[in-house]
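The following block contains the structure, expressed as structure tokens.
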Amino acid sequence: MSSPGVDGDPKPPCLPRNGLVKLPGQPNGLGAASITKGTPAAKNRPCQPPPPTPPPPSLAAPLSRAALAGGPPAERPPLATDEKILNSLFWYFSACEKCVLAQVCKAWRRVLYQPKFWAGLTPVLHAKELYSVLPSGEKEFVSLQGFAVRGFEGFCLVGVSDLDICEFIDNYALSKKGVKAMSLKRSTITDAGLEVMLEQMQGVVRLELSGCNDFTEAGLWSSLSARITSLSVSDCINVADDAIAAISQLLPNLAELSLQAYHVTDTALAYFTARQGHSTHTLRLLSCWEITNHGVVNVVHSLPNLTSLSLSGCSKVTDDGVELVAENLRKLRSLDLSWCPRITDMALEYVACDLHRLEELVLDRCVRITDTGLSYLSTMSSLRSLYLRWCCQVQDFGLKHLLAMRSLRLLSLAGCPLLTTAGLSGLVQLQELEELELTNCPGATPELFKYFSQHLPRCLVIE
């Protein structure tokens, strides 16, 4: 290259000095700019004319790092729309946050609407949300395409009628085979509606009916299908012994039954067949006030393979009933005796002696439980969760027995009025504890919570 000014050549438009190249003024009015070169060797290179300046970027397409450095345009998309990064990032958000994030842009919605981000979640749809009002004043069923794209396998419908359920079946693309679980709450579904729903939705294997007072036991006889493996019925006034007969006869593969029915008696619990004795592993009898120890006898003989049993609110069950459970249901891993006012320390002795696999024990509102009962429980090496909410006779001395239970991960002492700050402070010896509930516990002071934060740093203490 010739020297500057020789043969009338104009001086090059850049002066390589100190690693800087000065660019000429731009016609777009941005003026001159300086860019640091990448290597010191630029000082010894012949001066080259600068590359043509690209037009200013729009706000919709921000410059990548490579573009700012003067290199070729980046092949990767911006971070905000990089699907690989987004697929990892969106796992950190809750379901409600994902619903908001899906409205940011189409790229985010495309990533977020993958079924993997919604697995295990159940949309709750109220009757008034199922329709939109047209300008003419007529109602039109809303589009459920967004739910179908996300692949939801279960729905909870609240306050719906037979007609609403038929509209749902017609408008949700996956309703015939893809929906595995249906929950109807406070709805006016009748026997005919229940029959149509279970006949049309052939994929449903888990069914919940709560607060539905318009269907009868005859509706259960006509609609229940052998494919159902999980059934929950609560606060339905027409459910009594005959409903249990329908369940036992029509659901041979039933694995889980949850029943809250005030008119079910001991007789109904003898209806379960031998097939259910092999398949049923979970039975929840909630606030079944008419059930006595005779009903417990029927349960332990009909369903010997239970691993989870709840007698919560069965107020007529006594220590003798618990003894039957402990002697005959040795596979139990979870036992709920909450709100059983006749249960005493003797029942806990039966539990501790025979239920060696038990991992969860719920004794909420068992007002006759004392420190002696807790001494029996201290021998249970497999117990991981213990609930003693509102056990009004438990004192500091009883807590000392619990300190030997190194397997405990969850302990609830909410509402225990006799526990003091000194007694509760000893719980720091349970270093493996993951959750401790002390709500409405008079001995739980701010100083105690601070003490727990220092000595139980891995434990969630619920105030």
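Do you know which residues across region 328-340 are open to solvent by 40 Å² or more (accessible area, probe 1.4 Å), over 26 Å from the mean Cα position of the chain (by Cα) and more than 13 Å from L358 (Cα to Cα)?
Selection gives N328 alone.
Need the failing condition index for N238 against (1) over 19 Å from T122 (Cα atoms); (2) touching a Phe, Trp or Tyr at 6+ places or on another chain (Cβ under 9 Å); (3) in a helix (DSSP H, G or I), just the number.
(3)
Still on this structure: Might you check whether a residue that is under 19 Å from E434 (Cα atoms) and either in contact (Cβ under 8 Å) with a residue 24 or more places away in the chain or of a type in the set (G, A, S) (or both) occurs anywhere in region 362-370?
Yes, there is a match, as at least one residue in region 362-370 is under 19 Å from E434 (Cα atoms) and either in contact (Cβ under 8 Å) with a residue 24 or more places away in the chain or of a type in the set (G, A, S) (or both).
A follow-up question, please. Quick check on my filter: what residues within region 169-186 are open to solvent by less than 20 Å² (accessible area, probe 1.4 Å), out of contact with any strand residue (DSSP E or B) (no Cβ under 7 Å at 6 or more places or on another chain) and either of a type in the set (G, A, S) or within 18 Å of S132 (Cβ to Cβ) (or both)?
Residues satisfying the conditions are Y172, S175.
To continue, here is another question. Condition check: in contact (Cβ under 8 Å) with a residue 12 or more places away in the chain, of a type in the set (S, T, N, Q) and buried (at least 22 other Cβ atoms within 10 Å of the Cβ). Does S412 satisfy that?
yes
Oh, and also: How many of the residues in region 282-307 are out of contact with any Leu (no Cβ under 7 Å at 6 or more places or on another chain) and over 19 Å from Y271 (Cα atoms)?
Residues that pass the stated criteria total 1.
Against the condition over 23 Å from the mean Cα position of the chain (by Cα), in a loop (DSSP other than H, G, I, E, B) and of a type in the set (K, R), how does K177 come out, does it pass?
yes
Could you run through region 116-128 and say how many residues are surrounded by fewer than 12 Cβ atoms within 10 Å (Cβ to Cβ) and part of a helix (DSSP H, G or I)?
2
What pairs can you find where one residue is in region 129-150 and without any contact (Cβ under 8 Å) to a residue 12 or more places away in the chain, the other is open to solvent by less than 50 Å² (accessible area, probe 1.4 Å) and outside any strand (DSSP E or B), and their Cβ atoms are less than 6 Å apart, with a gap of 6+ or different chains?
Taking only residues 6 or more apart or on different chains, the pairs are S132/V142.
Now for a different question. Which residues, counting only those in region 104-128, are without any contact (Cβ under 8 Å) to a residue 40 or more places away in the chain and polar (S, T, N, Q)?
Selection gives Q114 alone.
Still on this structure, I have one more. Six or more apart or on different chains, Cβ atoms under 9 Å: show the pairs whose first residue is in region 74-103 and modelled with pLDDT under 85 and whose second is outside any helix (DSSP H, G or I) and open to solvent by less than 70 Å² (accessible area, probe 1.4 Å).
As it stands, the answer is A74/S64; R76/S64; R76/D82; P78/A61; P78/S64; A80/C105; T81/C105; E83/P77, since those pairs meet every condition given.
Conditions tested, residue by residue: (1) closer than 19 Å to T265 by Cα; (2) not hydrophobic (A, V, I, L, M, F, W, C).
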{"residue": "V204", "(1), (2)": "no, no"}
{"residue": "D214", "(1), (2)": "no, yes"}
{"residue": "E217", "(1), (2)": "yes, yes"}
{"residue": "A240", "(1), (2)": "yes, no"}
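Restricting to region 240-262, name every residue that is within 11 Å of E217 (Cβ to Cβ) and open to solvent by 10 Å² or more (accessible area, probe 1.4 Å).
Within region 240-262, A240, D241, D242, A245 qualify.
Filter region 432-448 for residues that are of a type outside the set (D, E, K, R) and under 20 Å from V394 (Cβ atoms) and give the result. Full working, then the answer.
Of the residues in region 432-448, the ones of a type outside the set (D, E, K, R) are 433, 436, 438-446, 448.
L433, L436, L438, T439, N440, C441, P442, G443, A444, T445, L448 - these are the residues of region 432-448 that are of a type outside the set (D, E, K, R) and under 20 Å from V394 (Cβ atoms).
Sticking with this one: In this structure, does R357 turn out to be touching a strand residue (DSSP E or B) at 6+ places or on another chain (Cβ under 9 Å) and open to solvent by 30 Å² or more (accessible area, probe 1.4 Å)?
No: the conditions fail for R357.
Please indicate, with yes or no, whether at least one residue in region 281-301 is modelled with pLDDT of 95 or more, surrounded by fewer than 20 Cβ atoms within 10 Å (Cβ to Cβ), in contact with a His (Cβ under 6 Å, 6 or more places away or on another chain) and in a helix (DSSP H, G or I).
no
Among (1) out of contact with any Gly (no Cβ under 7 Å at 6 or more places or on another chain); (2) at pLDDT 95 or above; (3) aliphatic (A, V, I, L, M), there is one condition L348 misses while meeting the rest; what is its number?
(1)
May I ask you to say which residue of S132, S187 is part of a strand (DSSP E or B) and among the polar types (S, T, N, Q)?
Just one listed residue meets the conditions, S132.
Quickly run through region 115-134 and pick out the residues that are under 19 Å from I189 (Cα atoms) and among the basic types (K, R).
K128
Quick test for you: out of V111, V196, pick the one residue that is in a helix (DSSP H, G or I) and open to solvent by 20 Å² or more (accessible area, probe 1.4 Å).
Details: V111 fails: open to solvent by 20 Å² or more (accessible area, probe 1.4 Å).
The match here is V196.
Could I ask something else about it? So S230 ticks every box in (1) within 30 Å of V367 (Cα to Cα); (2) modelled with pLDDT of 95 or more; (3) surrounded by fewer than 20 Cβ atoms within 10 Å (Cβ to Cβ) but one. Which box is left unticked?
For S230, the exception is condition (1).
The values are calculated or read from the model by the stated rules, or taken from the named source; none is laboratory data. A quick note: this is a predicted structure, and the numbers were derived from the prediction, not measured. Methodologically, a virtual Cβ is constructed for each residue, glycine included, from the backbone with ideal geometry; neighbour enumeration extends over all protein chains shown. Ligands, DNA and RNA are excluded from the accessible area calculation, which covers all protein heavy atoms including side chains. Shrake-Rupley method; radii C 1.70, N 1.55, O 1.52, S 1.80 Å.
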